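J.: Let me begin by handing over the structure; questions about it come next.
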Amino acid sequence: MTPADKSQQPRALVDHAKIDFGDGAATTLPRSAQYDDIYHPAAGAMAQARNVFLLGNGLPQRWRDRRRFTVLETGFGLGNNFLATWAAWAACAGDGARCEQLVFISVELHPPSLADVRRVHRDPALRAFADELTAAWPPATANLHLIDFAGGAVRLLLGFGDVRKWLPQLVAQVDAFYLDGFLPARNPAMWEPRVIRGLARLAAPEATLATWTAAQALRASLAACGFVAQLAPGANGKREITLARFAPAFLPRRHAPRGAAVFGSKRHAVIIGAGIAGACAASALARLGWRCTVLEAQPAPASGASGNPAGLFHGGVQGAEAPHARFNRAAALLAHRRYSALISSGHVAGSVAGLMQVGIDSKAGDIAADYASPVGGSDADSGVCSESFAGTTWQHHRAGWVDPVALVQTLLEHERIELRCNAAAHRLRRDGDAWLVVDSAGRVLAQAPVVVLATAGASAALLDELGVAPTPSRQSRGQLSWLDKCPTALAQPVTGHGYALPLPDGRLLFGASAHDDDFETGLRETDHARNLERLQGLTGITPEPGASLHGRVGWRHTTDDRLPIVGAVPLRPSTTAFAGDQRPRLDHCRFVPRLAGLYLLEGLASRGLTWAPLAGEVLAAWIDGAPMPIEADLLDAVDPARWQVRAVRRGSAADQAAGPATAVDAAADETAAEADNDADDDAVADPVSR
């Protein structure tokens, strides 16, 4: 992209809504200054939500006794439709007929600020739900924000940005649509035919749709996309509304979810590895009703790099919206939400009060102020330590540190999770629809339709005999150092070219070294010296004479594109038998054949505490067939098949001498360039975060 195109680059933040609340009275209708239109009719937001969207989609009757019901809304606005739907779901508890999980996906180009969310007058029936939404309100970043309520039984996937760009990125099957934008004359983009085509792509069989408008042009667009639309009587002053049902005359072939598990009613998974990756995978699956057996080769969980005393989690402030930046930011926001609850409950030691990141490249782009903000030199000095900092400094507001051992133990303490230690997996064997996990003596340790390998790179031996395409990855040795007492007051963690983390007991953790394919287990004085050099350069702190240094060695599993490996295990094309000429396309991840029921969650590098919660949710959604909590291109960017696809595409491009850039190739190129910009932070800033 040329400099002239800079204004067209994706932005990391979105613009807040400009809302006119008038005199602030409960009877005053909030109005959008951007579109000169009201957010709801005079009859009230609750009345419209009930009469148009709930009743128009046959809710709550249609979700009775369903495992999952998914709603997609084209315009979150002030959140009233979501709150009304949640309230209706909760009200079904009395007759035991509500679905197990309600997933509500909504897109909003101009979300309200937190201050405006607090100002909204809510129907008394929605007030308790509104308080929870307000407490969980995300920053104005261009992400698909994953927010769970009711222990995950109600999931809000809130995409901030243009609905026309979001719809192609959503991975879901939708049961009911709420079309709720401002008036077509004021906001025509929300009602364009391509928006309706995007809805049809996501529609489940017999999906329904409801909207308050009776525009004939909308009905024509719906009919052209396979919806049977009709006018229906309105209410509360609205003469007619539009209802529709997805019933296309010709249903194009839809590809099955890549590597989807075939488990029937047996929702049981074996997770190999009880570090932060395995714990987050098991926790996410357990919340979806899966029974999980976690196998750990060591005597206790979190015995590898997850066993460090503490670790940092934070996102980035890169200007480019490449996959690395977006995944890192989305992961950090989810980690902050999850860890906030665990820390405030007293289950896990840590802090979500933020951290400083110094030495940032001046190309850092527009960043939402409630996510991260630049800090002046003198402010950074007085707020962190007495020494001066070099480079641009940012305050991360959705960041902090956590005790990884306590975190792993807490995540595994779930009624649906069984932990078995001293259980080293030696081989995987298929037996009908189940995988058998066998030890070195040939004993079956566990069996289930689904197996997840979360072994920090140790999966290669298990996969080698199964005909699995290799993933370019390596092991990197990291040595962490710490002092028993911090010689200078450090108000909060600092990261950059190295990191410094003060703990409540007075210790100061810092480091860390990084050496690829280095398997020395003992502490090295040279690495301690290098860590001390980084500490001094970062914070100005020098140990007192005679201070004792302590440390710990661990290994990170890293990939060449600095993104994790999350998803179904791909097969090598040469190992797969195909009927006739029905060879699959291999130029896109979604077409690559997979080993049924076998999954990977690895390659978390130095960002395990940041990445693992989101990676676990992605994996659980993949296995269970739930709506994906990340965009389609990010799913491609972390897919284990991505290297195979790149090889095929680059080979085809070479054969043809030219060809358009592909999404996966572009993701790899952007990610590599971006990772180079913060390689020190990514490689050595917090190796404790695995």
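J.: Give segment 509-542 a look and list any residue that's without any contact (Cβ under 8 Å) to a residue 60 or more places away in the chain and in a loop (DSSP other than H, G, I, E, B), or say none.
T.: Those that are without any contact (Cβ under 8 Å) to a residue 60 or more places away in the chain and in a loop (DSSP other than H, G, I, E, B): D517, D518, F519, E520, T521, G522, L523, R524, T542.
J.: I'm told T85 meets every condition in (1) buried (at least 17 other Cβ atoms within 10 Å of the Cβ); (2) without any contact (Cβ under 8 Å) to a residue 40 or more places away in the chain; (3) farther than 30 Å from L13 by Cβ except one. Can you identify the failing condition by its number?
T.: Of the numbered conditions (1) buried (at least 17 other Cβ atoms within 10 Å of the Cβ); (2) without any contact (Cβ under 8 Å) to a residue 40 or more places away in the chain; (3) farther than 30 Å from L13 by Cβ, the odd one out for T85 is (3).
J.: Among the listed residues D37, D65, identify the single one that is modelled with pLDDT under 95 and open to solvent by less than 30 Å² (accessible area, probe 1.4 Å).
T.: D37 is the lone residue from the list that is modelled with pLDDT under 95 and open to solvent by less than 30 Å² (accessible area, probe 1.4 Å).
J.: Quick one: how many residues across segment 41-65 are assigned to a loop (DSSP other than H, G, I, E, B), of a type outside the set (A, V, I, L, M) and within 18 Å of N236 (Cβ to Cβ)?
T.: 3
J.: Taking segment 271-302, which residues are in a helix (DSSP H, G or I) and either among the aliphatic types (A, V, I, L, M) or in contact with a Cys (Cβ under 8 Å, 6 or more places away or on another chain) (or both)? Working first, answer last.
T.: Restricting attention to segment 271-302, the residues satisfying the condition of being in a helix (DSSP H, G or I) are 276-287.
Matches in segment 271-302: I276, A277, A279, A281, A282, A284, L285, A286.
J.: Within the bounds of segment 445-466, is there any residue that is in a strand (DSSP E or B), open to solvent by 20 Å² or more (accessible area, probe 1.4 Å) and either touching a strand residue (DSSP E or B) at 6+ places or on another chain (Cβ under 8 Å) or over 25 Å from D561 (Cβ atoms) (or both)?
T.: yes
J.: Within segment 415-426, is there a residue that is among the β-branched types (V, I, T), open to solvent by 30 Å² or more (accessible area, probe 1.4 Å), at negative phi and under 24 Å from the mean Cα position of the chain (by Cα)?
T.: Within segment 415-426, not a single residue is among the β-branched types (V, I, T), open to solvent by 30 Å² or more (accessible area, probe 1.4 Å), at negative phi and under 24 Å from the mean Cα position of the chain (by Cα).
J.: Looking at segment 625-644, which of its residues are in contact with a Gly (Cβ under 9 Å, 6 or more places away or on another chain) and either open to solvent by 10 Å² or more (accessible area, probe 1.4 Å) or part of a loop (DSSP other than H, G, I, E, B) (or both)?
T.: Residues satisfying the conditions are E631, D639, P640, A641.
J.: Please specify each residue of segment 476-508 satisfying the condition of being small (G, A, S), open to solvent by less than 40 Å² (accessible area, probe 1.4 Å) and either in contact with a His (Cβ under 9 Å, 6 or more places away or on another chain) or in a loop (DSSP other than H, G, I, E, B) (or both).
T.: Selection gives S476, G478, S481, G506.
J.: Among the numbered conditions (1) open to solvent by 20 Å² or more (accessible area, probe 1.4 Å); (2) over 25 Å from L453 (Cα atoms); (3) within 34 Å of the chain's Cα centre (by Cα); (4) not aromatic (F, W, Y), tell me where E525 comes up short.
T.: For E525, the exception is condition (3).
J.: While we're here: Just one of (1) open to solvent by 30 Å² or more (accessible area, probe 1.4 Å); (2) on the phi > 0 side of the Ramachandran plot trips up G75, so point out which.
T.: The number of the failed condition is (1).
J.: While we're here: Within segment 98-117, can you find the residues that are open to solvent by 10 Å² or more (accessible area, probe 1.4 Å), not basic (K, R) and not in a helix (DSSP H, G or I)?
T.: E100, Q101, E108, L109, H110, S113
J.: Could you list all residues from segment 590-624 that are over 23 Å from L202 (Cα atoms) and part of a loop (DSSP other than H, G, I, E, B)?
T.: If the condition is that a residue be over 23 Å from L202 (Cα atoms) and part of a loop (DSSP other than H, G, I, E, B), then G603, L604, A605, S606, R607 are the ones that fit.
J.: Taking the conditions exactly as written (under 29 Å from the mean Cα position of the chain (by Cα) and either farther than 20 Å from P138 by Cα or among the basic types (K, R) (or both)), does R31 satisfy them or not? It would help to see each step written out before you state the result.
T.: Numbers: under 29 Å from the mean Cα position of the chain (by Cα): no; either farther than 20 Å from P138 by Cα or among the basic types (K, R) (or both): yes.
When the stated conditions are applied, R31 does not pass them.
J.: Under 7 Å between Cβ atoms, at least 6 apart or on separate chains: pull out the pairs that start in segment 274-287 with a residue that is open to solvent by 10 Å² or more (accessible area, probe 1.4 Å) and end on any residue that is among the β-branched types (V, I, T) and at pLDDT 95 or above.
T.: G275/V408
J.: Would you tally the residues in segment 288-322 being β-branched (V, I, T), crowded, with 23+ Cβ neighbours inside 10 Å and farther than 21 Å from A500 by Cα?
T.: Total meeting the criteria: 1.
J.: If you scan segment 529-542, which residues turn out to be of a type outside the set (A, V, I, L, M) and either under 34 Å from the mean Cα position of the chain (by Cα) or buried (at least 19 other Cβ atoms within 10 Å of the Cβ) (or both)?
T.: R530, N531, R534, G537, T539
J.: Output the residue which, of all residues in segment 550-570 that are in a loop (DSSP other than H, G, I, E, B) and open to solvent by 10 Å² or more (accessible area, probe 1.4 Å), is farthest from G616 (Cα to Cα).
T.: Residues of segment 550-570 in a loop (DSSP other than H, G, I, E, B): 560-564.
In the following step, the residues that additionally are open to solvent by 10 Å² or more (accessible area, probe 1.4 Å) were identified as 560, 562.
On the way: D560: 21, R562: 17 Å.
Among those residues, the one meeting the criterion is D560.
J.: Show me the strands (runs of 3 or more DSSP E) entirely contained within segment 390-436 in which 2 or more residues are free of Cβ contacts under 8 Å to residues at least 24 places away in the same chain.
T.: Of the strands (runs of 3 or more DSSP E) lying wholly inside segment 390-436, those with at least 2 residues that are free of Cβ contacts under 8 Å to residues at least 24 places away in the same chain span 427-431.
J.: Further question on the same structure: Which one is nearest to D636 (Cα to Cα) among residues in segment 316-371 that are at pLDDT 90 or above and β-branched (V, I, T)?
T.: Step by step, filter segment 316-371, then rank; the result is V352.
The values are calculated or read from the model by the stated rules, or taken from the named source; none is laboratory data. What you see is a predicted model, and the numbers here were worked out from it, not measured in a lab. In this analysis, Cβ positions are derived from the backbone assuming ideal geometry, glycine residues included, and neighbour counts consider all displayed protein chains. All accessible areas refer to the heavy atoms of the entire protein, side chains included, with ligands and DNA or RNA removed. Shrake-Rupley method; radii C 1.70, N 1.55, O 1.52, S 1.80 Å.
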